[in-house]
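Below you'll find the structure, written out as structure tokens, and then a few comments.
The values are calculated or read from the model by the stated rules, or taken from the named source; none is laboratory data. Computed from a predicted structure; not experimentally measured. For neighbour counting, all protein chains shown are included, and Cβ atoms are generated from backbone atoms with ideal geometry for every residue, glycine included. Side chains included, ligands, DNA and RNA excluded: accessible areas come from the protein's heavy atoms. Shrake-Rupley method; radii C 1.70, N 1.55, O 1.52, S 1.80 Å.
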Amino acid sequence: FLETAAYFCMKPKMGEKEVSPHSFFSIWHEFSSDFKDFWKKENKLILQERVKEAEEVCRQKKGKSLYNIRPKHDSGIVSKLFLFL
């Protein structure tokens, strides 16, 4: 624990000889909860951007048709029957 506290340059509070686990972990808890909140917000923003991009791709693909519709030719039996009427 003391090596970890020294690695993060923690100094004991006034009147204490060493860094107490309570003071170290109270600061660590604040940091980790803030980091978690920012992480969630950032992931939410990234997800929204990806959804917008996917919607744009869908709109572009809907604009282009994947198949062509050819006009119907009047060469069947029904068209020949209507010629005589």
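Some points to look at:
- Here the Karplus relation 6.51 cos²θ - 1.76 cosθ + 1.60, evaluated at θ = phi - 60°, turns the backbone of region 48-62 into coupling constants of 4, 5, 5, 5, 4, 5, 5, 5, 5, 4, 5, 4, 5, 5, 5 Hz, with x for every Gly and Pro.
- Projecting the Cα atoms of Trp39, Ala54, Tyr7 onto the charge dipole of region 3-65, computed from C-beta unit charges around the Cα centre, puts Ala54 farthest toward the positive end.
- Taking Ser23, Ser32 and ordering them by how much accessible surface each has at a 1.4 Å probe, largest first, produces Ser32, Ser23.
- Cβ-defined net charge surrounding Leu2, 14 Å radius [Lys, Arg +1; Asp, Glu -1]: -1
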